[in-house]
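For reference, the structure discussed in these notes is given below.
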Amino acid sequence: FDPPHDAHIALARACVEQHALTRLVITPTGDAWHKARTLSPAADRLAMARLAFGGLPRVVVDDREMRRAGPSYTIDTLTELRAEHPGASLVLQLGADQAAALPTWHRWQEILQLATISVAFRADGTRTSAEFDVANPPLALAAGRLVALRLPVLPHSSTAVRQRVAAGLPIDDLVPPAVARYIADHHPYPTA
């Protein structure tokens, strides 16, 4: 969520509806061990996530990964959530690109034991370059619990938003109005 955009909002809504969740926990990452680029400051990412998701029913923005020292690992977050909610069924929502990369994640086999993996696909059937297929997952993931989440067609990306900000172009059609104002007021991304 660097920054959160309209497709993230659609993903959150679809996840709550299609999986009949009682609560969706949005956890902006702290120290992202898997990202090659430098993230915007944690305080900015958290503030934008709260602005973007704060009004959605059954959605909570959780800052636990930002409070944790060292790299942010999904397994640690899932373990904490399991301890806090021992009877809950956990669902980890991923995009197809991240689902394909899951075997590279820290203690990924344990993630499969703690949560059902929901893989988001756009409703138009387009695929990412990762070519992940929930019906035929890589052999390493076959033992895990996988489900598909269908999304409306929204060709937004955080990268595109950051590029538009850098070029001085408007982003109002890509992000919620409160996030656009936050970016304009706080400048978390470099501009031209």
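The values are calculated or read from the model by the stated rules, or taken from the named source; none is laboratory data. Keep in mind the model is a prediction, meaning the values are calculated, not measured. Cβ: placed from backbone, ideal geometry, glycine included. Neighbour counts: every protein chain shown. Note: areas computed on protein heavy atoms with side chains; ligands, DNA, RNA excluded. Shrake-Rupley method; radii C 1.70, N 1.55, O 1.52, S 1.80 Å.
Just a few scattered comments:
- Cα Rg over Rh - the chain, Kirkwood: 0.95
- Rounded to the nearest whole Hz, the Karplus-based 3J(HN,Hα) values (6.51 cos²θ - 1.76 cosθ + 1.60, θ = phi - 60°) of region 167-173 follow the sequence 8, x, 8, x, 10, 4, 8, with x at glycine and proline.
- Ordered from longest to shortest, the equivalent ellipsoid semi-axes for region 1-101 are 20, 17, 14 Å, each the square root of 5 times a Cα gyration tensor eigenvalue.
- The value of relative contact order for the chain, using C-alpha pairs under 8 Å at least six residues apart, is 26 percent.
- Acute angle (nearest 10 degrees) that the helix 177-186 long axis makes with the longest principal axis of the chain, alpha-carbon atoms: 60
- From phi via Karplus (6.51, -1.76, 1.60), per-residue ³J(HN,Hα) for region 146-156 in Hz, x at Gly/Pro: 10, 9, 9, 10, 8, 10, x, 6, 9, x, 8
- Taking amide H positions as modeled 1.01 Å from N, with prolines and chain starts lacking one, the residues under 5 Å from V147 and 5 or more places away or on another chain are I117, S118, V119.
- Taking the helices alone, the chain has a mean residue ellipticity at 222 nm of -10500 deg cm²/dmol, built from -39,500 (n - 2.57) per DSSP H run of at least 4 residues and averaged over all its residues.
- Amide hydrogen proximity for I26: with H placed 1.01 Å from N in the peptide plane, the residues at 5 or more positions away or on another chain lying under 5 Å are V60, V61, D62.
- Under a 5 Å amide H cut-off, with hydrogens placed 1.01 Å from N, D31 pairs with S72 among residues at least 5 apart or on other chains.
- Per-residue 3J(HN,Hα) values for region 8-18, derived from phi via the Karplus relation 6.51 cos²θ - 1.76 cosθ + 1.60 with θ = phi - 60°, read 5, 5, 4, 4, 4, 4, 4, 4, 4, 5, 5 Hz in sequence order (x marks Gly and Pro).
- Efficiency of FRET from Cβ geometry, R164 and E84, R₀ 45 Å, rounded to 0.05: 0.75
- Label-to-label distance, nm, for residues given as R37 and T191 (7 Å Cα→Cβ offset): 1.8
- The listed residues V161, V91, once ranked by accessible area (1.4 Å probe) with the largest placed first, stand as V91, V161.
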